[in-house]
Each structure stands twice: as C-alpha cells, then as structure tokens.
Amino acid sequence: MSDADPFTFDGGRVDPGETENIRYTVTETYLGDPVRIPVTIVNGEQAGPTLFLSAAAHGDELNGIEVVRTVGHSWDHSDLCGTLVCLPVLNVPGFIAQQRYLPIYDRDLNRSFPGATDGTSAKRIAHSIFRNFIQPCDLGLDFHTSTRGRTNMLHVRAGLANETSERLAKAFASNVIIDKQGPSGSLRFEATEAGVPTVAVEMGEAHRFQREFIDEALVGVESVLAEFGMRETATVRWPGWRAIIAGSEEKTWIRADVGGLVDVQTSYGDLVYEGETIARITNPFQTEITTVTAPFTGLLVGLLENPLVYPGNPLCHLVKVDDRTRRAIEYTKSSP
Ligand SMILES: [Zn+2]
C-alpha cells in the first residue's frame, strides 16, 4: 500500500511520514486566554486506517494518559500504515483541577459529545474535539479508570452489535469484555454512531499511574494495530481466556448494608465462588462483624480501595461467568 493521505483539521494538516505535536484551542478562560488540548498526529508513510486514542475525558482518570503518550512518543512508527491521533488529555480544565468533570458548572464532557457550536460550554468543547479529531478517524480507543477509591481490572466496554467495534474489542486482548453500548453523549457512543467505531478501555483507579495496567493496555494497543493492518511487525494477541459479559445481565456493584471498616479478603481479577467471603465489615470495637459473601460464582472486575463504607456504598463489581469461562480461568490460574 502507498498513496497515504494527509490528515487535515481546522487550522492544519499533517502529511504522510510526518508527526506533529499540536496545542489545539478548544475554549477560552475567563481572562480570554486559550484553553488548549495536547494532540499528537502520527501520519505513517503507508496508507491505512486512522485510529484515535483518547484519555482523561474525565479529568482525574490518569492511567490512559500514560498509554496514549507512550504510543505517541515512545514507539517507533517507521512502519506505521495509517494514522494515529493521540489525545492524551481531552478534559484539560478538569485535569488541571484534578477532578472528573469540567469545573464549569460541573458538566460531564463525556456526556456532551458530539457537541454543538451554539450549545453549553461543555458542548462547544466537545464539538471542537469531535469535528477536528474524532470524525476524520476510522476507529477509536477511549481510556477510562474507575472513580477515586475503587479499582477496575482492565476490561473493554463495547457494543458488540457493531461488527467493527467487536473486532476492535476482541483485538484489544483483554480477558473481560462488557457488551454494552455507551450512554448517550459519551465519546464511545457518539463516535460509533457517527461511523467511527469506538470502544472504551477501563483500567485501574483515578489519580494514579498504575504500571501493570498501563503495560497491559500497551499490549492491547499493539494488538489492535496488528488486527487492522497498521503495523506489520505486530501480532494479534489472545488473552488466554475471555469472558464476554452481556451488558443486560451485568450485575451492578454489590453494596454494603452496614457502615464500618472493610477488610477485603479478595483482589480484583479474582474468581470467587458462590458463598465465598469477599469482605468483612466491622465496627470500631470489632464486636460486630458482617461477612459479605459472593451471591454467585463470578469474576471480581472492580473492588473498593478505600476501606470505609456507609450503608449503600459499593464494595465490589462481581460479574457472573459461565462454566466454560470458569474452567478456562481456573486452568489459566493454575498453570505456571
Ligand atoms: Zn471515565
């Protein structure tokens, strides 16, 4: 293949074989100064798909930033077929404030896509990002984490009814895929609707760089590049076992029924059996102990990190696995 195209956006173009680091203005501060997001466009010498990688649509979700930066700046792209659009920090005002939402009226940037030129400030920011850097793409990976105080094992969220989303989700080589369309206004949902199949990768906890997740995600990105013919030297990975969880059957977080201090007996990624103890909640005198057990056999996809709960606070995200998946997990975990 050759005849690669330039990547164009409002205010610039990046020719095949070129890499550009751009600070792109998406809004203005109270003082009229530009608010700019960092964008790196890597346009390969050879033709191929255009893939965006985005992170920190929620400003305190940091793991993905390191994934996107590493792909954009530490990888050798001399054999890249196609274009990478790297958007490590979508929500710059939230990132600076180290909070999830845009500080402007606490709006969720990830419910404001595809945006509008005459809408709220959040929608205008979303529109600027969407029109220039999302719509020109063929595929997308949007990186998220759990909120502060909880950790997610790395998993992919995708609406598998879309064939390309399914290919993308499977190529990412995660053990767990949750088959669920994103909510309206999310980058994942709106990009897919606009013809740019996009999946979300959930990994770890907010406010952290967690190396094991970052490394796992980088393997996933390389596998995606292989699947879509963007890097000849890369290979498509198989994660060893896979659980595809139907979003409709997905159980929400198991919640505490009492307030207290939590002693977690398990770890995210663990297979737990029906009746097995997940956590114990105790009062300050340790005179009352509430044991939280697994209501069914499943995989602990998410777990609290902050060991303090009120009644109703989430403890863990347990997803049901079928017998075949359970045996595959048991086999993998028992192998050296
Ligand atoms: Zn998020």
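Since every read-out is calculated from the coordinates, none of them should be taken as a lab result. Treat the numbers as computed from the prediction; the structure is a model and nothing was measured. Every residue, glycine among them, receives a Cβ derived from its backbone with ideal geometry; neighbour counts consider all protein chains shown.
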* To do: Return a yes/no flag: does region 226-247 have any residue that is part of a helix (DSSP H, G or I) and more than 14 Å from I177 (Cα to Cα).
  => yes
* Asked: Just one of L271, L218 is touching a residue at least 40 places away in the same chain (Cβ under 8 Å) and touching a Gly at 6+ places or on another chain (Cβ under 9 Å); which is it?
  -> L271
* Name every residue in region 79-92 that is surrounded by fewer than 21 Cβ atoms within 10 Å (Cβ to Cβ) and either in a strand (DSSP E or B) or free of Cβ contacts under 8 Å to residues at least 60 places away in the same chain (or both), in order of residue number. => C81
* Asked: Can you find a residue in region 290-303 that is loosely packed, with under 12 Cβ neighbours inside 10 Å and in a loop (DSSP other than H, G, I, E, B)?
  -> no
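Sort through P197, P183, P114 and tell me the only one that's within 16 Å of the ligand (Cβ to nearest atom) and touching a helix residue (DSSP H, G or I) at 6+ places or on another chain (Cβ under 8 Å).
P183
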* To do: Only residues that are more than 16 Å from the ligand (Cβ to nearest atom) and touching a residue at least 40 places away in the same chain (Cβ under 8 Å): list them for region 53-70, please.
  => T70
* Of all residues in region 117-152 being aliphatic (A, V, I, L, M) and out of contact with any Asp or Glu (no Cβ under 9 Å at 6 or more places or on another chain), which is farthest from the ligand (Cβ to nearest atom)? -> L139
* From the list E276, E288, E305, which residue is charged (D, E, K, R) and more than 25 Å from L154 (Cβ to Cβ)? -> E288
